[in-house]
Every structure is written in structure tokens, then in C-alpha cells.
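This report refers to the structure that appears directly beneath it.
The values are calculated or read from the model by the stated rules, or taken from the named source; none is laboratory data. Keep in mind the model is a prediction, meaning the values are calculated, not measured. Virtual Cβ from ideal backbone geometry, glycine too; neighbours counted across all protein chains shown. Calculation scope for accessible area: heavy atoms of the full protein, side chains included, ligands and nucleic acids excluded. Shrake-Rupley method; radii C 1.70, N 1.55, O 1.52, S 1.80 Å.
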Amino acid sequence: MEEWKPEMEAAFKEIEFPGAEIDMHVADYARLICSMCDIPIHKLQNNKAVIESLHVLFTLFVEFRSNQHFQQQ
């Protein structure tokens, strides 16, 4: 994984992600969130691309949370 530029991190603090009230299919919502985080969704057989991209998203989230935890101590 590569660190985001400071501008990207600042944008995440300013931009609100769409919440659960948004009216769209869950797969489309996953694509939207991955797109906002610059996580690609490749074309794969059996339509598993969204699942793999979500795995990247959640791995990124866990890394981010663990780094935040160490910075607070």
C-alpha cells in the first residue's frame, strides 16, 4: 500500500461519504465508496470484482485504524 498525499487526507476530513439513507443497490454503493477511495474494481469472472475491492477497502480501513491508534499514544 502507498500513503495518500496530504491533500487526499485533508479531502477525506472535509468530504462526507454517503450514508445508509442513499437509495441505491448495495453493489452500486460499494462501487461508489471504492471509487471515492480510489480503489479500482476490475472485471473478473463470476462478478467477484466488487467483493475483492471491498476486501481491499476493509484492509485499508484496518491499517488506517491501527495507524491512528499508534499516533494517539
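Summary of values
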{"item": "Counted residues, the range 5-33 - those being small (G, A, S) and assigned to a loop (DSSP other than H, G, I, E, B)", "result": "2"}
{"item": "Complete set of residues in the range 42-65 that are open to solvent by less than 50 Å² (accessible area, probe 1.4 Å) and in contact with a helix residue (DSSP H, G or I) (Cβ under 8 Å, 6 or more places away or on another chain)", "result": "V50, S53, L54, L57"}
{"item": "Residue match in the range 17-28 (condition: at pLDDT below 85, loosely packed, with under 15 Cβ neighbours inside 10 Å and in contact with a helix residue (DSSP H, G or I) (Cβ under 8 Å, 6 or more places away or on another chain))", "result": "yes"}
{"item": "Candidate set: the range 29-41, residues that are of a type in the set (A, V, I, L, M) and closer than 18 Å to K5 by Cα; chosen: the one most open to solvent (accessible area, probe 1.4 Å)", "result": "M36"}
